[in-house]
Amino acid sequence: MISKKRFILKRIIDDTFGKALFTVFSLRSKRSIPKKVNKVVIFKLSTLGDSLLSLPAIKKLKEDTGAKIVLVHSGDNKVIFENQGFIDEKIFLDVSRNNLFGFLKALFKIKKVNADFAVDLSHTGYLSAIFSMVSGKFLIGFFNPDVPLRKGFFDFEFPIGGNHMVANYFGIFSKINKKEILGEFTLISPSVDKRARQKIEKVLRGKKNLVGVHPCHEINEKSWSKENFAEIINYIILKGKVPVILGSPKEKPKVQKLLQLVKNRSKILDLSGKLNVSEVFGLMKHLEFFVSNDGGIMHISGSFGIPTLGIFSAENPKKYAPYNKKSYAIDARRVSKEESLKTAKKVIDIFLKQIKK
C-alpha cells in the first residue's frame, strides 16, 4: 500500500546531509511562542496508517483554535486527507519521484505560508523538519529517543513515550491549543468516492459473510508466519465466512505462495493486487471483521469501526494497535508461533460471537 520509491533529494538530505544540517540548526536561538494562533502548517509526508492516526488531533486543533490549517502531504498519503473539512489548505510535496521542478515549486509555496506554528509530525527523518523552518515562526516536533540528533532542533519538542500514537499526536499540539484533552476519541475514516464504491459493488456481486485478511507485508519483518496466516484463513472458512484477501501489487507474489497452503482455495475471494487504496476504503463497509499484519491497511480497517485483529511482528503494539474499542493486538515478538496462533483463533471467536448478537 505504501510507495517505496525515494526521491533523490530526500535521500541526500535524510541520509547524507540531514545529520549535519540538524547539528547546525539545533544551535540556533529558540523562538518565543506566538501570542496568537491564526495559522498552523502541519507536515505529514509518509505512511497511510500514521496519517490516519493523526486526524483526530488535527481536527481537535482546528476546533479549539479556529486557526487556518495548512497540511503538507505526499503522494503516499494524499487519499487520507481528501475531503476532510477541518483542513483548510493542502500542499502536495512530491517526495517519491525525481521531479526537481515540482519539488521546488512546492517548496516555494510552503515558504509563502508563513504560519504562526509549523508542526512536523515525522518522528524519524529530517526532511519535513528542515522544511518546517521556512514555513512557520515557531517550530514544533517530536523527540524520538531512537533518533537522538533530532533533540534540540525544535522550539518545542514533545517526547514520544509508550503511549499510543493517537495520544502522541494530541500531545504534540498541546503547546498550541493549551486545552486539557478530555474523553476518548475515535479515528476519522477516509472518504469513499463514488467510482470506488461502484467498483467494489461490481466485484463483490452481493457476497455476504466477508472477512478481510491482509496476510503478507511488503516489509518481511512485519509479516507474521505464513503458515499461521494460512491456518487462520482455513479457520475463517471453517466458521462459514469468506476470507477476502488483500495486498498491494508488490505483495501479491507472496500472497499467492501463502494461499498454496490453504486447504479450500475455492472459498476465498482473492483481491490482492487488484484494488487501489480508495477502493480498499470502499470495501471496508462490507466486512464483518479484519485480520491483518501491522500496517496501513490495519489502521484503515480500524478507522471504519471494524473489529480488527492486528498482529505485530516488528513494531510495538502499544503505540500502533488498531484504534477502536472492538479491536485487539497480538505482540508476536514476545510469544511463540504456536501461542500467537492460538490467541488469534480466540480473538476470531470473540468477533464471531459479537456478530451473532
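Each value in this text was obtained by applying a stated rule to the coordinates, not by laboratory testing. All values reported here derive from a predicted model rather than from experimental measurement. Using ideal geometry, Cβ is built from the backbone for each residue, glycine included, and neighbour counts are taken over all protein chains shown.
Values for this structure:
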item: Sparse-neighbourhood loop sites, GluC sites (Glu not before Pro) in region 66-168 - DSSP loop, at most 15 other Cβ within 10 angstrom; result: E82
item: Check: region 121-246 dipole with +1 on Lys, Arg Cβ and -1 on Asp, Glu Cβ, in debye; result: 780
item: Per-residue Cβ neighbour rank within 10 angstrom, fewest leading, M298, M133, M284; result: M133, M284, M298
item: Fraction of antiparallel bridges per DSSP, the chain only, in percent to nearest 5; result: 0
item: Members of K30/K62; K199/K254; K30/K325; K199/K241; K39/K252 lying beyond 32 Å, as alpha-carbon distances in this model show; result: K30/K325; K39/K252
item: Cβ-derived FRET efficiency at R0 45 Å, E63 paired with R28, nearest 0.05; result: 0.90
item: Helix-derived mean residue ellipticity, 222 nm - over the chain, DSSP H n ≥ 4, -39500 (n - 2.57), to 500; result: -10500 deg cm²/dmol
item: For volume of the Cα convex hull per residue in Å³, calculated from these coordinates, the label among (1) 165; (2) 140; (3) 153; result: (2)
item: Lys, Arg +1 and Asp, Glu -1 on Cβ, resulting dipole of the chain about Cα centre, debye, nearest 20; result: 680
item: Charge dipole (region 194-356, unit charges on Cβ, about Cα centre) - positive-most of S225, G240, H299; result: G240
